[in-house]
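These notes are about the structure you will find just below.
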Amino acid sequence: MSDKQIRFPFRGLWEGMWLTLKTMLKPAPVTMYPQVQEEPVPRARGVIALDVEACTVCMLCARECPDWCIYIEGHKEEQPPSKPGGRPRARATLDRFDIDYSLCMYCGICVEVCPFDALFWTPEYEYSEPSITNLLHDMDKLTYWLGTVPEQPKLEKS
Amino acid sequence: MTDLGMIHRSESAVSIELQTPDMTLNIGPQHPSTHGVLRLIAKVAGERVTDVEPVIGYMHRGYEKLSEVRTYAQITTLVNRIDWVAGFASEVPFIAGVEKLMDVEVPPRAQYVRMILTELARIASHLVFMSSYPLELGATTPLMYALREREYILELIEEVTGGRFHPNFNRVGGVKPVYGGGSMTKKWSLDLPEGFLQRARDAMDRMEQICDDIDTLVSDNELIKMRTVGVGVIPRDKALEYGLTGPNLRASGVAYDLRKVENLLPYDEIDFDIAVRTGGDCYDRYVIRIEEVRQSSRIVRQAVDQIPSGPLQTKVPRVLKAPRGQVYSRGENPKGEFGYYIVSEGARMPYRLKIRSTSFSNLSILKWVLQDALLPDLVAIMGSLDFVLGDVDR
Amino acid sequence: MNFWLELIIKLVAILGFVLTGALVVIYAELKAGSHMQGRIGPYYAGGRWGWAQPLADGLKFLQKEDLSPIGADRTVYGFAPYVVMMSTLAVFVVIPFGPDMVGRDLDLGIYFILAISSLSVLGILMAGWSSANKYSLMGGLRAAAQLIAYELPLVLAAAAVVVQAGTMSMNGIVAAQSETWFTVAGIDIAMPFLLKGQIISFIIFMIAVVAELSRIPFDMPIAESELTMGYLTEYSGIRFTMFFLGEYASMIAFSAIAATLFLGGYAAPGVPDNLANLVGPGVMLLKIALIVFVIIWIRWTWPRLREDQLQRLAWFWLIPIALANIGVIAIFKVVF
């Protein structure tokens, strides 16, 4: 703010034009998106991946979701006893695990409350759809995202 | 004397004959200069606005009511959507209020992280203002420059929190990016990513550079000065009367900053100045925000240097229940005072949440300040108040 | 040569030049503007550097439905863009690109230009009035007030040149700039009027030109943030294209006039007379491009003024200065 100094008349106008000229001659700081893809940061909340094996159908995520966009169905399965002569165990199995990304607020509460590390964030972002109904990702699709979970960054020393 | 009287009479006769009814001009809700869905019913006589009636509510999303059926952890995801250009800054007062209710002590490192991110959000918000305000006056280029630099700030915020606009980073008792509560992912969420502090310093260099550039391009531009100096003057007493806060109030000469008044965040350990200007016109409201970006970058530099070590989160019960009681907690949003009045009946959810949003209160002066303005000035004044429609309608 | 054949050739040449020129200028604006903002701008259309972007835009506009509001005065509404376009095209008749490369070398060339170019205000007023839209009406009225106010400095600045040149013919003005002004060490030096003491006229002329073109910093008639698009608000399809092309064509026209009046037109130092018809158009285009670039450059840097400030600038500053300028130049003309 140099409005207190004595200035040449219209100096501000010419200085502004000089700045735009300089910018014009510099290369533009642009990422050419479809050809060059920006690397999202590892913590970016792009899409949620599901590890079906780890899920125990505890429903915590569906309950804690602020707009209730997770739909879970499951059933109990009789597992053979681990030791011969033991009791057969009941194991919960997923039938349906859908996340409706047209409703999702990307808050991440589901990932945070999951006690068994079944949900992960991955920074993938290219899953836009022409039709809103296709944004309902089912179990297969959520499992597919599991392959894209990145290595977590090193931490600042505290 | 009689001659003069006659001339005067004849002139008034002519003007009665030529009197035309005022034209009602409906500006908005879809209009390039209303930043969203504000509607103004303006009565104009030629270029002069004789009366203006703001109509709000086109973006009402009912956050106060929604909050009554959501737990405290879920509400943070809602409140950062109120003023979306500075999502983090509106999370902090809410979570601080809940912490006050529950009597939870926050570790100092978490407080510093909150402070750094609040200031980054403030810079991002002011950069949006610095880009959109010249656009109201017809200059398109500052928009690109400021938004280009804002990208660096958003990247920093994303790197830490995982979200560019909606960080959802505050938890009761500390800060934490959303990673699993399971044993494997728990260790990921312990701290800031490596190198963040250095990158924050580098970004502050860029911010000081862009402030100089915007000064060259906009603040020193004679045409901008012609358009804004002395336009839309809000005198000190009017500003106080209408309850303006934030930069709009400080541009009218009142050195009132909640960062110095409240103790939500450890601003008292940081050396910074409150930017004050005395003109109260559009130009001052514009320039003061550039000055605030400079001050914010000072705060970030100091906070990054003296950030204490320690945990980011205290132990809190897994199911958060606030005891019966009520609290008003407020903080300095980039646009002014942002407050939450939380009434708890002892449940996991608040009984009532009243949001004192900044833009709504700042907008209340619109009718007064737009009186007898010219139509181009209407746009200039409205832009200089720096409101976000989501913040007005909630 | 047959009179009619010559006429047709000249018409086609002018029309072709104006349309391609307008497209080139649109492309230059897109590209230069983006780079000034740190962007890239058009990139894909046409394969390389997005050179075909204005063409693609034009084709897109042609496909759009030609809407007109219910309350509009259909005849006037439909006719307005063509009035604007015609007044622009007619200017090119007298602009010389070489000693013989001129549509018609009128004795009253500059007078003709100033008269015909002010017709466009009629078209704009028609557009604003007939759209049955309050924003359009205000835009049209602003445009009328602005164009009339800036017609005066434009004429006065041109008159200063006319006084110095002693002729109103465009070719005559160019010739006056290519004749020897003084001789240094046996080399004859010719100077354009800009360097012969017309700098004030040039500045006033350029300010008035930018105002006549309704470009930033004088784009109140279409001020986007106030009046959405001013008198263009309701137009779509082919009629909008007409306005759009007309705007850029008149940018070329006014740049050509400024180049002729102040920068020496098609004349370049060191070009022998027998080559002037060959080299002339290139020199002229170069000078036009220079002025067009400056206009674009200003548009991407400065904000716009307010309506009353614009009027004050014209009546309080430009017109008195231009009058004084004419006086001074006339005195010098008589004394020396």
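The values are calculated or read from the model by the stated rules, or taken from the named source; none is laboratory data. In this text the structure is predicted, and so the values were computed from the model without any measurement. No Cβ is skipped: glycine too gets one built from the backbone with ideal geometry, and neighbour counts run over all protein chains shown. All accessible areas refer to the heavy atoms of the entire protein, side chains included, with ligands and DNA or RNA removed. Shrake-Rupley method; radii C 1.70, N 1.55, O 1.52, S 1.80 Å.
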State yes or no: is residue C:329 buried (at least 20 other Cβ atoms within 10 Å of the Cβ), among the β-branched types (Val, Ile, Thr) and in a helix (DSSP H, G or I)? yes
Name the one entry in C:77, C:27 that is aromatic (Phe, Trp, Tyr) and open to solvent by less than 20 Å² (accessible area, probe 1.4 Å). C:77
What helices (runs of 4 or more DSSP H) completely inside region C:198-290 contain at least 3 residues that are more than 17 Å from the chain's Cα centre (by Cα)? C:224-227, C:237-262
Mind checking which residues of region A:22-40 are in a helix (DSSP H, G or I) and facing another protein chain (nearest Cβ under 7 Å)? A:23, A:24
Just need a number here: residues in region B:136-153 that are open to solvent by 10 Å² or more (accessible area, probe 1.4 Å) and over 13 Å from residue C:224 (Cα atoms). 7
Inside region B:323-370, can you point out the residues that are free of Cβ contacts under 8 Å to residues at least 40 places away in the same chain and of a type in the set (Asp, Glu)? B:345
Region C:3-24 - residue that is open to solvent by less than 60 Å² (accessible area, probe 1.4 Å) and of a type outside the set (Gly, Ala, Ser) and, of those, farthest from residue C:91 (Cα to Cα): C:23
Please find, within region C:207-227, the residue that is most open to solvent (accessible area, probe 1.4 Å) out of those that are among the aliphatic types (A, V, I, L, M) and within 13 Å of another protein chain (Cβ to nearest Cβ). C:207
Where the second residue is open to solvent by less than 100 Å² (accessible area, probe 1.4 Å) and the first is under 12 Å from residue C:32 (Cα atoms) and lies in region A:22-35, which pairs have Cβ atoms under 6 Å and are six or more apart or on separate chains? A:23/C:36; A:23/C:38; A:24/C:35; A:24/C:36; A:28/C:38; A:28/C:39; A:28/C:40
Checking the conditions here, which among C:236, C:214 is closer than 21 Å to residue C:118 by Cβ and among the hydroxyl-bearing types (Ser, Thr, Tyr)? C:214
Tell me yes or no: at least one residue of region A:128-143 is at positive phi, part of a loop (DSSP other than H, G, I, E, B) and without any contact (Cβ under 8 Å) to a residue 12 or more places away in the chain. no
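Results for (1) hydroxyl-bearing (Ser, Thr, Tyr); (2) open to solvent by less than 50 Å² (accessible area, probe 1.4 Å); (3) within 19 Å of residue B:144 (Cβ to Cβ); (4) modelled with pLDDT of 85 or more, shown as yes or no for each residue.
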residue: A:5; (1), (2), (3), (4): no, no, no, no
residue: A:10; (1), (2), (3), (4): no, no, no, no
residue: A:22; (1), (2), (3), (4): no, no, yes, no
residue: A:26; (1), (2), (3), (4): no, no, yes, no
residue: A:31; (1), (2), (3), (4): yes, no, yes, no
residue: A:42; (1), (2), (3), (4): no, yes, no, no
residue: A:49; (1), (2), (3), (4): no, yes, no, yes
residue: A:55; (1), (2), (3), (4): no, yes, no, no
residue: A:65; (1), (2), (3), (4): no, yes, no, yes
Give region B:332-366 a look and list any residue that's in a strand (DSSP E or B) and open to solvent by less than 10 Å² (accessible area, probe 1.4 Å), or say none. B:333, B:336, B:338, B:339, B:340, B:342, B:344, B:350, B:353, B:355
Might you check whether a residue that is over 30 Å from residue C:54 (Cβ atoms) and buried (at least 23 other Cβ atoms within 10 Å of the Cβ) occurs anywhere in region C:254-269? yes
Considering only residues of region B:110-135 that are open to solvent by 10 Å² or more (accessible area, probe 1.4 Å) and within 14 Å of chain C (Cβ to nearest Cβ), which is farthest from residue B:200 (Cα to Cα)? B:135
Tell me the helices (runs of 4 or more DSSP H) entirely within region C:54-173 that contain at least 2 residues that are of a type in the set (Phe, Trp, Tyr). C:74-91, C:109-117, C:134-165
The listed residue being more than 22 Å from residue C:280 (Cα to Cα) and either in contact (Cβ under 8 Å) with a residue 12 or more places away in the chain or within 14 Å of chain B (Cβ to nearest Cβ) (or both), out of C:164, C:177: C:164
If a residue must be more than 10 Å from chain B (Cβ to nearest Cβ), assigned to a loop (DSSP other than H, G, I, E, B) and among the aliphatic types (A, V, I, L, M), how many such residues does region A:41-59 contain? 3
Is one or more of the residues making up region C:280-296 surrounded by 23 or more Cβ atoms within 10 Å (Cβ to Cβ), within 14 Å of chain B (Cβ to nearest Cβ) and either among the basic types (Lys, Arg) or under 29 Å from residue B:225 (Cα atoms) (or both)? no
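Residue-wise test of (1) among the aromatic types (Phe, Trp, Tyr); (2) touching a Gly at 6+ places or on another chain (Cβ under 8 Å); (3) more than 10 Å from chain A (Cβ to nearest Cβ); (4) open to solvent by less than 20 Å² (accessible area, probe 1.4 Å).
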{"residue": "B:61", "(1), (2), (3), (4)": "no, yes, yes, no"}
{"residue": "B:66", "(1), (2), (3), (4)": "no, no, no, no"}
{"residue": "B:72", "(1), (2), (3), (4)": "yes, no, yes, yes"}
{"residue": "B:75", "(1), (2), (3), (4)": "no, no, no, yes"}
{"residue": "B:89", "(1), (2), (3), (4)": "no, yes, yes, yes"}
{"residue": "B:93", "(1), (2), (3), (4)": "no, yes, yes, yes"}
{"residue": "B:96", "(1), (2), (3), (4)": "no, yes, yes, yes"}
Name the single residue, out of those in region B:156-178 being part of a helix (DSSP H, G or I) and more than 7 Å from every other protein chain (Cβ to nearest Cβ), that is nearest to residue B:388 (Cα to Cα). B:157
Does region B:299-320 contain at least one residue that is closer than 24 Å to residue B:115 by Cβ, part of a helix (DSSP H, G or I) and under 20 Å from the mean Cα position of the chain (by Cα)? yes
Take region B:372-394 and flag every residue that is touching a strand residue (DSSP E or B) at 6+ places or on another chain (Cβ under 7 Å) and within 12 Å of another protein chain (Cβ to nearest Cβ). B:373, B:374, B:375, B:378
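Return yes or no: is residue C:230 more than 14 Å from every other protein chain (Cβ to nearest Cβ) and either modelled with pLDDT under 85 or closer than 30 Å to residue B:30 by Cα (or both)?
Details: more than 14 Å from every other protein chain (Cβ to nearest Cβ): no; either modelled with pLDDT under 85 or closer than 30 Å to residue B:30 by Cα (or both): yes.
Judged against the criteria, residue C:230 is not a match.
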Considering only region A:72-119, state which residues are part of a loop (DSSP other than H, G, I, E, B), farther than 17 Å from residue A:56 by Cα and open to solvent by less than 30 Å² (accessible area, probe 1.4 Å). A:101, A:104, A:107, A:108
Would you please list the contacts, defined by Cβ atoms under 8 Å and residues six or more apart or on different chains, that run from a residue in region C:68-91 that is more than 17 Å from residue C:116 (Cβ to Cβ) to a residue that is open to solvent by 70 Å² or more (accessible area, probe 1.4 Å) and modelled with pLDDT under 85? C:68/C:74
